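The structure appears right after this line, and notes come after that.
The values are calculated or read from the model by the stated rules, or taken from the named source; none is laboratory data. Values in this document were obtained by computation on a predicted structure and should not be read as measured data. Every residue, glycine among them, receives a Cβ derived from its backbone with ideal geometry; neighbour counts consider all protein chains shown.
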Amino acid sequence: MPVASAHHGTDALDRLCRGTERVVDREELRVKLAQAARAGVPLRVKLGIDPTAPDLHLGHAVVLRKLRDFQDLGHRVTLVIGDFTGRIGDPTGKSEARRQLSASEVTRNAETYVRQMHKILDASRTEVEFNSRWLAPMPFADVLELASKVTVARLLERDDFHSRYQQGRPIHLHEFFYALMQGYDSVALRADVELGGSDQTFNLMMAREIQRDYGQSPEVAVITPLLVGLDGQQKMSKSVGNTIGIDEPPSAMFGKVMSLPDSLIQTYFVTCTRTPIAEVQELVQGMADGSLNPRDAKLRLGEEIVTLYHDRPTARQAREDFRAVFSAGGVPEDIPEHHWSDGAATVVDLVMALSLAPSRSEARRLVRQGAVEIDGQRLTDPNATVAFSDGSVLRVGKRGFCRLRRDL
């Protein structure tokens with residue numbers, strides 16, 4: 001695919017900066033884009049991933065969609081799987097050292113990640129590199145040279161390290177090397193641009209410094225925001241249970257979008273869809289002046305998001321299913337099925353086995369609140385054994401559905 005021509009430079013720059021938290025810096029990116037267009041040589045755009053959590057959700061997709069923007073403009077995209085750095089683990093936001101992952105754990109997570117990311121990226125135009133290729137064979141003399149590029153004082157500027165140092169919590173020497181190794185990834189690839197979430201700002205700035213020290217032009221850092229999850233408070237995270245997974249069934253995905261707080265509608269339109277900014281502004285204005293019900297805006301948002309990960313007809317069906325469920329008390333057509341070897345189980349066991357609650361305590365809370373039903377019958381005792389037949393429908397809350405199948 002040819003690089004976007006120079007006369008499309010402003011449009012390309014606006015597209016690449018859409019929904020970002022920060023670009024360091026925008027003028028450098030404009031110059032690099034113009035040079036690439038004139039020379040007909042694509043930029044080398046990098047995203048580093050430490051595969052510690054293989055299930056992707058819309059929070060991960062924010063930066064992957066930005067990577068797809070670069071692809072669509074003809075640039076060379078490289079996904080760097082941190083199979084080497086992943087053995088240390090990114091210390092960002094951590095009050096203690098992470099457990100080091102085994103090589104097999106990293107490889108298994110990486111395979112899952114790459115499979116899921118192809119729902120967003122064009123697989124035919126995505127290069128995948130493992131940073132063990134250049135980090136594992138690095139001679140110790142080269143490690144010392146890399147370590148000489150930064151001072152301990154500079155590393156202690158990092159918020160999590162600074163906090164741990166002030167509190168007297170241990171900081172292991174190998175943790176300091178994480179940012180250095182990630183920065184060296186950019187040197188090894190001669191990256192022109194690197195993407196990352198706002199929690200990666202320190203690492204991205206470090207990469208720019210290290211590239212300068214190795215005589216390279218510093219990469220542009222395109223920093224995307226951390227997406228707030230369904231609870232409207234914390235960043236989207238599987239451990240919190242506030243996610244929308246990119247592999248989820250259409251009806252579940254649509255239902256979760258409809259549960260978003262109204263305050264997040266604009267953010268999700270900008271960062272999670274391709275809806276033109278002018279249309280997003282019209283929607284926001286309509287909600288502000290009362291001419292548009294936020295529920296109608298979320299119906300549009302749900303359809304746009306489901307379309308990206310499935311297709312338009314499926315998204316429209318999910319929208320109709322939602323109307324049927326909440327207007328007429330029906331059950332969506334497209335719900336997941338789960339095979340159970342026994343015809344009886346406790347309510348909590350069922351809810352957990354079907355991943356309809358993030359924890360057993362949350363499952364018990366939902367049951368006690370009357371939010372769990374089988375075939376329309378409300379269940380209120382978390383410890384009760386429930387018999388069900390082949391084809392029974394379990395419903396948890398407003399949007400969690402699963403059809404139970406008995407293995408005879």
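Worth a mention:
- Any strands (runs of 3 or more DSSP E) falling wholly within region 351-407 and containing at least 2 residues that are farther than 14 Å from residue 339 by Cβ and at pLDDT below 80: 385-387
- Filter pass, residue 306 being modelled with pLDDT of 85 or more and part of a helix (DSSP H, G or I): yes
- Candidate set from region 67-108 (those that are at pLDDT 80 or above and closer than 23 Å to residue 138 by Cα); member that is farthest from the chain's Cα centre (by Cα): 84
- Residue selected from region 177-229 under the condition surrounded by 18 or more Cβ atoms within 10 Å (Cβ to Cβ), among the polar types (S, T, N, Q) and under 24 Å from residue 41 (Cα atoms), by the criterion nearest to the chain's Cα centre (by Cα): 186
- Single match in 296, 247, 289 (criterion: at pLDDT below 95, more than 17 Å from residue 61 (Cα to Cα) and touching a helix residue (DSSP H, G or I) at 6+ places or on another chain (Cβ under 9 Å)): 296
- Of the residues making up region 364-408, just one is surrounded by 13 or more Cβ atoms within 10 Å (Cβ to Cβ) and of a type in the set (Ser, Thr, Tyr), namely 392.
- Odd one out for residue 115, checked against (1) in a helix (DSSP H, G or I); (2) at pLDDT below 75: (2)
- Selection within region 249-263: residues that are out of contact with any Ser or Thr (no Cβ under 7 Å at 6 or more places or on another chain) and within 15 Å of residue 311 (Cβ to Cβ). The member of this set that is surrounded by the most Cβ atoms within 10 Å (Cβ to Cβ) is 254.
- Single match in 23, 63 (criterion: buried (at least 21 other Cβ atoms within 10 Å of the Cβ) and either modelled with pLDDT of 95 or more or within 19 Å of residue 223 (Cβ to Cβ) (or both)): 63
- Checked across region 159-182, the condition of being out of contact with any Pro (no Cβ under 8 Å at 6 or more places or on another chain), closer than 20 Å to residue 76 by Cβ and not β-branched (Val, Ile, Thr) holds for at least one residue.
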